[in-house]
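Shown below is the structure under consideration.
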Amino acid sequence: MTIGVAGGSSVFVTVDVVDISIEGAMEETIESFKLNAVLEALVREKSLDREMLIDALKQAMLTAARKKLGLTADLEARFDPEATLEEVLQRHGQFAVLAKMKEPEKREQVGLVRIYEFKKVVKDVSNPTIEISLNDARGQDPGLTDEDIGIDLGIEVWSKEFGRIAAQTAKQVIIQRVREAERNTVFNEYKDRKGELVTGIVRRFERGNVIVDLGRAEAVLGVKEQIPRENIRTGDRVMAYVLDVLEIARGPQIILSRSHPNLVVKLFEQNVPEIADGIVTVEAAAREAGVRTKIAVRSKDSDVDPVGACVGMKGARVQAVVQELRGEKIDIVPWDEDEARFVCNALSPAEVTRVLVDEQNHTMQIVVPDDQLSLAIGRRGQNVRLAAQLSGWKIDITSETKVAEEREVAWASLSRIEGISDFVVQTLYNHGFRSAKEIVEADPEFLGSLPGFSADAVPRVQQSAKDVVKAEKNEKKELRVVAREGAKLLLAIERAAEAARAAGTADLERMKTMEGVLPYVFERLSANDYGSPEDIFHELDDDRLIHLVGLSAGKARQLRYNAAVAMNALTGGVVPVTAKPLSEPEARDAQAFDAAAIAAAIAAASAAVVPAAEATSAEA
């Protein structure tokens, strides 16, 4: 039978039938010949595109045909969905089966793929691969005439001519195309789910990575995306955040994460209806997985408390999130348009007393009470680190005591500049100036715009500031010289003391024999951690000796002077005696203290003798 029209167009002649099924022609069962049913099953069960499957079948048959007919053969594959079961069984010689079938069953449309080889009808054949003589063509279609020379004749090729190897090749092509289609289907399904939560079953572990079965696909929970110290076992059901979907040679790779901050955000969306409805929004999130998370929330409805909505009745909503995260701590803070106020909220539960904002460097200096400093910083800096991530600002935490010390140093430097009042010094300090050097480096135009300044006064002030900077450098040099000399003296004292110990003289013994150290004084000194003359020498003033040890002012002065004399002697004169000798009033005060101490000691001894004598009389 000729299909098509003559006159330069293609003509198709049905010579034999080519059929194929997903199970392969090897299985000689009726169901395996029902190609339409197989296609429908694949479309339904694997969600594959029907046209793609048909294209895969045609491509497989063309591959098999070319192995038999050569690469130069002009071939075409066509899917015939109306081919009947009777036709297919006849082509496979299943006559015994056909004999047992009823007519309606034989007329069932099962579908098949037909392969056509096209050859040009010519008078004389020069290339048998692509040409056919008119006489041979008439053997296929007796109705051809001389006028049909030049047309393309399509001859259907029988699949049994391909051979077993070609059939196996066709089968491999089909399997490969179906797998590719499945991969594309999975990729198309999950590429739009990036940023969502998925739930799956842990199947196995590969080099520390967790392979999670999501149903139609497997996903990877990488080592870095796992919560530290979380115990995950095979068979566990886990919920994770879809971090990315990659298309690689082996198929789509779904990357999951349980450490990403957005996992917490999505969990709150699941458990807080106000977030799902858009009434409450999560503006920012910062997380150290497995330890602590901070989220900032705001409400579009003034009647809805965003923090309360996330916490829930008796903490039920936030506890559901905490349970999914295996006990991770969660801080929920209100978001604020005022960035300084927002940073204060982010540092909760610590209390903030002052905030100094440096917009140019995008930095905030947070001042907290001394007893709140450790709470504001958090364990290993965790609280301030999360607050910085949440707000996007660089945060410097400092105590009120440190700020007071910094202010004192800044005022000492700024106040030395000539021609500025205390009001101007305060203004400079409020605008972030902490030293005369910063005044020298400041923009003159900016300085002139400050309250208390004028454009004419700026050059004079900056020149005075340069003089102050020069003076401060000289003072620092002098301090370094003094420090070096002090270090030399300390080293000399330590070496001399070591030598004395090596010679058999203990530190306490040297203190006990120092001039002015009476037994009563020695007891008080040793009881308050004074163990050598060096300890007395290193005291910067008399306060500790007076208030802690209980000495009089004159006695304390005497001991410090005698300690200096002892250090001079100990080091062989290396340590000079810089202390002035006692004044006459100080000497009298020291003598009076010693006399009182001796009298007190005698009285104490007498009081101890009387009870002992009475006890002896009673025994007699």
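Determine whether Val220 is in contact with a Leu (Cβ under 7 Å, 6 or more places away or on another chain), aliphatic (A, V, I, L, M), surrounded by 11 or more Cβ atoms within 10 Å (Cβ to Cβ) and under 24 Å from Thr293 (Cβ atoms). Before the answer, list the steps.
Details: in contact with a Leu (Cβ under 7 Å, 6 or more places away or on another chain): yes; aliphatic (A, V, I, L, M): yes; surrounded by 11 or more Cβ atoms within 10 Å (Cβ to Cβ): yes; under 24 Å from Thr293 (Cβ atoms): yes.
Considered against the rule, which asks whether it is in contact with a Leu (Cβ under 7 Å, 6 or more places away or on another chain), aliphatic (A, V, I, L, M), surrounded by 11 or more Cβ atoms within 10 Å (Cβ to Cβ) and under 24 Å from Thr293 (Cβ atoms), Val220 comes out as yes.
Out of curiosity, is Gly290 free of Cβ contacts under 8 Å to residues at least 24 places away in the same chain and closer than 30 Å to Trp393 by Cβ?
no
Working carefully through the options Ile149, Ile130, Ile165, Ile175, find the one that is open to solvent by 40 Å² or more (accessible area, probe 1.4 Å) and at pLDDT 80 or above.
Within the list Ile149, Ile130, Ile165, Ile175, the selection yields Ile149.
Something else about it: How many residues, within segment 511-540, are open to solvent by less than 60 Å² (accessible area, probe 1.4 Å) and either touching a Ser or Thr at 6+ places or on another chain (Cβ under 9 Å) or on the phi > 0 side of the Ramachandran plot (or both)?
Here the count works out to 2.
Pairs needed: first member in segment 441-466, under 14 Å from Val425 (Cα atoms) and without any contact (Cβ under 8 Å) to a residue 40 or more places away in the chain; second member anywhere, aromatic (Phe, Trp, Tyr) and part of a helix (DSSP H, G or I); C-beta distance under 7 Å; at least 6 residues apart or different chains.
If the second residue must be aromatic (Phe, Trp, Tyr) and part of a helix (DSSP H, G or I), the pairs left are Gly452/Phe423.
Somewhere in segment 198-220, is a residue at pLDDT 90 or above, charged (D, E, K, R) and not in a strand (DSSP E or B)?
no
Could I ask something else about it? What about Gly143, is it in a helix (DSSP H, G or I) and under 29 Å from Phe79 (Cβ atoms)?
In short, no.
Here's a follow-up. Is one or more of the residues making up segment 470-487 surrounded by 14 or more Cβ atoms within 10 Å (Cβ to Cβ) and over 30 Å from His538 (Cα atoms)?
No.
Could you list, in sequence order, the residues of segment 337-376 that are within 24 Å of Arg434 (Cα to Cα) and either within 19 Å of the chain's Cα centre (by Cα) or of a type in the set (Gly, Ala, Ser) (or both)?
Ala340
Hey, could you check segment 68-89 for residues that are part of a helix (DSSP H, G or I) and touching a residue at least 24 places away in the same chain (Cβ under 8 Å) and say which is nearest to Thr129 (Cα to Cα)?
Residue satisfying both the conditions and the ranking: Leu69.
Out of the residues in segment 358-377 that are without any contact (Cβ under 8 Å) to a residue 12 or more places away in the chain and over 23 Å from Glu283 (Cα atoms), which is most open to solvent (accessible area, probe 1.4 Å)? Break it down into steps so the answer makes sense when it comes.
Of the residues in segment 358-377, the ones without any contact (Cβ under 8 Å) to a residue 12 or more places away in the chain are 359-360, 371, 374.
The next check asks that each one be over 23 Å from Glu283 (Cα atoms); those that pass are 360, 371, 374.
Details: Gln360: 171, Asp371: 119, Ser374: 89 Å².
So the residue we want is Gln360.
Then there's this: Taking the condition in contact with a Phe, Trp or Tyr (Cβ under 7 Å, 6 or more places away or on another chain) and either surrounded by fewer than 19 Cβ atoms within 10 Å (Cβ to Cβ) or in a helix (DSSP H, G or I) (or both), does Val355 pass?
no
Identify the single condition in (1) in contact (Cβ under 8 Å) with a residue 60 or more places away in the chain; (2) within 29 Å of Val198 (Cβ to Cβ); (3) open to solvent by less than 60 Å² (accessible area, probe 1.4 Å) that Arg326 does not satisfy, given that it satisfies every other one.
(3)
Mind listing just one residue for me: the one in segment 397-409 that is in contact (Cβ under 8 Å) with a residue 24 or more places away in the chain and out of contact with any Asp or Glu (no Cβ under 9 Å at 6 or more places or on another chain) and, of those, least open to solvent (accessible area, probe 1.4 Å)?
Step one: list which residues in segment 397-409 are in contact (Cβ under 8 Å) with a residue 24 or more places away in the chain, which gives 397-401, 403, 406, 409.
Next, from what is left, pick out any that are out of contact with any Asp or Glu (no Cβ under 9 Å at 6 or more places or on another chain): 397, 403, 406, 409.
On the way: Ile397: 26, Val403: 7, Glu406: 69, Val409: 100 Å².
So the residue we want is Val403.
The values are calculated or read from the model by the stated rules, or taken from the named source; none is laboratory data. These numbers come from a predicted model, not from an experiment. Every residue, glycine as well, gets a Cβ built from its backbone with ideal geometry; the counts of neighbours run over all protein chains shown. These accessible areas exclude ligands, DNA and RNA; they are computed on the full protein's heavy atoms, side chains included. Shrake-Rupley method; radii C 1.70, N 1.55, O 1.52, S 1.80 Å.
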